[in-house]
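Okay, structure first, notes after.
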Amino acid sequence: MPNRWALLIGVDFYFPGNAREVQFNHLSGCVRDVDRIEQYLRGIGVHNIERLTSSNVGKANEPGETDGGTYPTYHNIEEKLDGIRGTVEEGDLVYIHYSGHGILRHELKDLDDEDGDAITGTALALADVMAGGAYLTGYQLGVWARRLVEVNKVRVSITLDCCYSGRGHRGPGIVLRTSEDSEFDGVPLESDKAADAAAVAVEAELPEPDTDDDEPAPGQRNATVKRSWLSSPEGCTVLTACQVNEKAGEYRFEGQQGRNGILTHWMLDLFDRHAGACRPTYARLAQHAKSSMRTAMSLDRPQTPVLHGDSFYEFFGTSRLIQRPACIVRVSKQPGSLDTQLTVDVGTAQGVAKGAVYTVYPPSWDLSLPEGQQQAPGSRPHSRNDGVAAPKVRVDKPSVFTSSAIPIEAENIQQDMAIVMGSLAVLDTWSLSKTWRVGVESTGEEHLAQDQRFRATVEDLVKEITAIPEFSLHSRISTGGSPACEFLVSLNRNTRSIEICDGRGARLHRVPAVPIDDEGAVAKVAYMLKHLSRYKALANLDYGRPPDSLATDSYRFELLDRHGQALQPATTDKTYHVENGQAVTVRFANQSTTENVQVAMFMFNATWGIERIYPEDGQPTAQAVPSDTQALLCGLDMYIPPPAHTDDPPDIYDLIRAYIYVGDHPPSWDELLLPDVPPDADLLPVDLPVEPVLEEDLGGGSDDDTRNKKPKRPSRKPHKVTAAIDPWNMLEFRVHTRPSK
């Protein structure tokens, strides 16, 4: 078992001084954060714990601590980390927790494409910064963490419970953890320059990175703004309390003797709920903190925790887990009634229609799997409460980003599985937004009479399709006909297989045929029909189109080549043309003047899968600030997947879409996720894997047969919504990938 090491930093007291143009007020909850985190760590068997704290005990010029070697200063932090670095062994775990003030070292408008994140350009305001001590910048901390990861071969995780901007609404009872008289300090002291030079020297000795992504464009890079390795680390996880333009603070929570950092408190709250079970992932910690700030604290403008790096590792552990998308359940009393109303935080914008079914789990349950282990359809997550049936709810009235739901068999819900505020809802069965017409085509009555297996297969297909509520069976026709339907199921006599075609009878690209003699043939065809319908419904926005309240002319969404130069799409249909294996970059720029927007980018790929390509796993959206030079960038390698049948074309088309949201409660778009359809019918499931599990492998295989490379990162009308909603919209383009010349 690896050894675990922790460095806990809490800054309540700030030494007075006028060395800087900004001032920092004392805080009161940071040392308490350290105390509570230390207590938790010791409870899970961590004994190698270092502390650096400055307590505010009412003294004018000094903290409660008397040993200067324990003050949270730049040099003391460097010394403690050097001590850990000299002691750790390969495979060990290192955790760093900081609670205190933070500040921007550069105005947001001065950062470029390479610096648009929640770490670069920021600094931790340590106890002696007003007296001339150095800030600890995100760049410097990143160099130290990278050295631990790449040289010492340890895994590092970092929590930063601070913020960098004091602007905006100040919530009741909240003390901000940043300077309130200036949002940035761009004047470096000699101590800052020396600290930066030392970090540059350390970085120069580290292994060369494998990519040239951080090479500056000539004449375009501000030489004083260095990119933090923590912005996109490997072997490391970083959880920050908020985005760079938001506030983080400390608050007096019920049951606590004083204030605590809001992020730290909700982290510990989830740890308590997981007592006796495996520890939650960093992604789950961020989700719990975000939802608790909204539901339990009712903040008008809650913090949005930001994750970087390996979000699906368990906290302070070595296990990487597969996280299942889950949405939060809110419970409220109906006016004038004793009945409660259930609301799930997902709606039509994310592909929800009336009739969708969700399984609901208590907030403490672990909705994850060890990496490499698959979740069987309909099975339940791990929990210390295994053996207890989880309740289900059915969506009754979908809205844009929320949906009301009603319990299924409410009288059978056991008390310890009661649906409460903050419960987790996981998709069980989706509902399509319209009726899909499906035809079944055979090769003639004479052949059916001669081949009993064929006749039985046709009968079973008709029965199976008829049983699916969203499907309308089209009458069977003879070969050569043209049914008025979206899908045509064709039985091929020559190959003795079942093929899925479009309404004109042409085989769908990269959809495998299912042998008639396959024991689960009919179930596999039904699975593919449901999967293909879901894909097309989401691609065509059948669940509901964006409102007109958010114009898209202030945003730029484009494809760049490997050198950062804009490619030119076809003028007729906005399709980019690239070659197999070509490296490209997807770029989103917010060219408005005032509004931040939240963005998530998805690829609707040629193998009928929907994958989120940006931001990284565990972070549902990324913030794009108003700046044409501070864009969101996602690198992709474009590859043509192997064919599923001989009629597959040599080229492919992928759809890349950016979902854009303006408001204080950015949604998760992970409900859109769909796995790829495998190229071999043997790899098809016989039931719908309703949980779109992140990173689940439907069929295994080597890297050589990967279908799509991941990023280097009469119908029912859609529900009409009349209530006021936060505006959202989308931009998209297609990418045509051709064989290399």
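A few points about this structure:
- Selection count, the range 556-579, where residues are surrounded by fewer than 17 Cβ atoms within 10 Å (Cβ to Cβ), in a strand (DSSP E or B) and out of contact with any Ser or Thr (no Cβ under 6 Å at 6 or more places or on another chain): 5
- Residue within the range 311-324 that is at pLDDT below 90, at negative phi, of a type in the set (Lys, Arg) and in a strand (DSSP E or B) present: yes
- The range 616-643 - residue that is of a type in the set (Val, Ile, Thr) and touching a Pro at 6+ places or on another chain (Cβ under 8 Å) and, of those, nearest to residue 664 (Cα to Cα): 621
- Residue within the range 139-154 that is in a loop (DSSP other than H, G, I, E, B), at pLDDT below 80 and either closer than 17 Å to residue 192 by Cβ or not assigned by TED's automatic domain parsing to the domain that holds residue 616 (or both) present: no
- Against the list (1) within 25 Å of residue 185 (Cβ to Cβ); (2) buried (at least 23 other Cβ atoms within 10 Å of the Cβ); (3) under 30 Å from the mean Cα position of the chain (by Cα), the condition residue 7 fails is (2).
- Scan of the range 414-433 for residues that are more than 22 Å from the chain's Cα centre (by Cα) and either part of a helix (DSSP H, G or I) or charged (D, E, K, R) (or both), ordered by number: 415, 416, 417
- Inside the range 376-413, residues that are outside any loop (DSSP other than H, G, I, E, B) and either more than 26 Å from residue 432 (Cα to Cα) or at pLDDT 90 or above (or both) make up a count of 16.
Quick grid of which residues meet (1) buried (at least 19 other Cβ atoms within 10 Å of the Cβ); (2) at pLDDT 75 or above; (3) at positive phi; (4) part of a helix (DSSP H, G or I):
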{"position": "239", "(1), (2), (3), (4)": "yes, yes, no, no"}
{"position": "242", "(1), (2), (3), (4)": "yes, yes, no, no"}
{"position": "246", "(1), (2), (3), (4)": "yes, no, no, no"}
{"position": "251", "(1), (2), (3), (4)": "yes, yes, no, no"}
{"position": "254", "(1), (2), (3), (4)": "no, yes, no, no"}
{"position": "263", "(1), (2), (3), (4)": "yes, yes, no, yes"}
{"position": "266", "(1), (2), (3), (4)": "yes, yes, no, yes"}
{"position": "270", "(1), (2), (3), (4)": "yes, yes, no, yes"}
{"position": "285", "(1), (2), (3), (4)": "yes, yes, no, yes"}
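- Here residue 76 fits the description: in contact with a Leu (Cβ under 9 Å, 6 or more places away or on another chain) and modelled with pLDDT of 95 or more.
Here's the yes/no breakdown for (1) modelled with pLDDT under 95; (2) surrounded by fewer than 17 Cβ atoms within 10 Å (Cβ to Cβ); (3) more than 37 Å from the chain's Cα centre (by Cα); (4) within 22 Å of residue 682 (Cα to Cα):
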site: 493; (1), (2), (3), (4): yes, yes, yes, yes
site: 500; (1), (2), (3), (4): no, no, no, yes
site: 517; (1), (2), (3), (4): yes, yes, yes, yes
site: 520; (1), (2), (3), (4): yes, yes, no, yes
site: 527; (1), (2), (3), (4): yes, no, no, yes
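- Restricting the range 456-476 to residues that are in contact with a helix residue (DSSP H, G or I) (Cβ under 9 Å, 6 or more places away or on another chain) and among the acidic types (Asp, Glu) leaves a set whose member that is farthest from residue 441 (Cα to Cα) is 470.
The values are calculated or read from the model by the stated rules, or taken from the named source; none is laboratory data. Every value quoted in this text rests on a predicted model; they were computed, and no experiment measured them. In this analysis, Cβ positions are derived from the backbone assuming ideal geometry, glycine residues included, and neighbour counts consider all displayed protein chains.
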